[in-house]
1. For residue 270 and residue 132 in the same chain, what is the full-extension length gain: residue separation times 0.36 nm, less their Cα-Cα distance, in nm?
2. State whether region 2-101 is rounded, prolate or oblate according to the following rule on the C-alpha gyration tensor (a ≥ b ≥ c being the square roots of its eigenvalues): a/c under 1.5 gives rounded; otherwise a/b larger than b/c gives prolate, and the remaining case gives oblate.
3. Over the Cα atoms, compute the radius of gyration (one decimal) and Dmax (the largest Cα-Cα distance, rounded to a whole number) for region 53-196, in Å.
4. For residue 69 and residue 193, what does the FRET efficiency come to when R0 = 51 Å and r is the distance between their Cβ atoms, rounded to the nearest 0.05?
5. Over region 2-101, calculate the relative contact order: mean separation of alpha carbon pairs under 8 Å at least 6 apart, over the residue count, as a percent.
6. What is the helix-to-structure angle for 142-154, meaning the angle in degrees between its Cα long axis and the longest Cα principal axis of the chain, kept from 0 to 90 and rounded to the nearest 10?
7. Could you work out how far helix 247-260 tilts from the main Cα principal axis of the chain, as a 0 to 90 degree angle to the nearest 10?
8. In what sequence do 114, 188, 260 fall when counting other Cβ within 10 Å, fewest first?
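Where a number appears in this text, it was derived from the coordinates with a stated rule and is not lab data. Predicted, not measured: the structure shown is a model, and the values here were computed from it. Glycine also receives a Cβ, built like all others from the backbone with ideal geometry; neighbour counts cover every protein chain displayed.
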């Protein structure tokens, strides 16, 4: 029995043997086939990198914390995202933890390694040709067209759009009263011609309703946030957009394009309802990405 255990330990002390033992242990824990396959790939890729780039490393015992740090840096250099590198590090940690738990190595070289930070999710916004296509597709449906125009021309949040009432629209003065929180009017947004025309067109077909909410669903009841999200998804699919556009993409489009046209961050903050100017500054920085075009357009 001792001889068998010794032979197993000897085999497991190699990269191939230890990886095979690790994967068997995962199977014994009823891990899914996809998880096991992912762990196999992640660990094998590490082993390949280490053995090809460091002649001193021939077994798991030879691996040091610095080696793993260099590997993560290598992955970053190849353009792998922080999310992907963090996932690979999780598999590597489990592998070396298994080796420590089975007395195959004294200490895990992955101990104390910082997890790569996940990148902030990019703000998806629609380019003019993209939202123009959505407007064209919705042109035959007054409500949908109006929703898109209100999003684009005011930058309201989906929750604010769904909370709009008939009384929040002042077409004569060209103002939209936007409500937040407990239903109190918190800010006013000027309505330009396209938004006013879209609202007039929708109000003509909306009909009488016992509900005060501006936008109604097909049953004549207030349109909810989920319904708006489904609406946006439907039109984006029809338009053939590959990006994951959401109602918030319209808000980002409004803010980004206004910033590109040099609307002041203070005015944007007021329109968007941001409590912190730093949040608004994100769009100002995005707008500055087209600084070269602006310089050309204002050449002396």
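1. Numbers: separation 138, 0.36 × 138 = 49.68 nm, distance 2.58 nm.
Result for the pair: 47.1 nm of gain on full extension.
2. On the way: a/c = 2.48, a/b = 1.32, b/c = 1.88.
Taking the square roots of the gyration eigenvalues as a ≥ b ≥ c, region 2-101 is oblate.
3. Considering region 53-196 through its Cα atoms, Rg and Dmax are 27.5, 79 Å.
4. Working: r = 58 Å, r/R0 = 1.14.
Once the sixth-power term is evaluated, E becomes 0.30.
5. Working: 51 pairs, mean separation 31.8, N = 100.
Relative CO of region 2-101 lands at 32 percent.
6. 80 degrees
7. Once rounded, one gets 80 degrees.
8. Numbers: 114 9, 188 15, 260 18.
Fewest to most other Cβ atoms nearby, the residues stand as 114, 188, 260.
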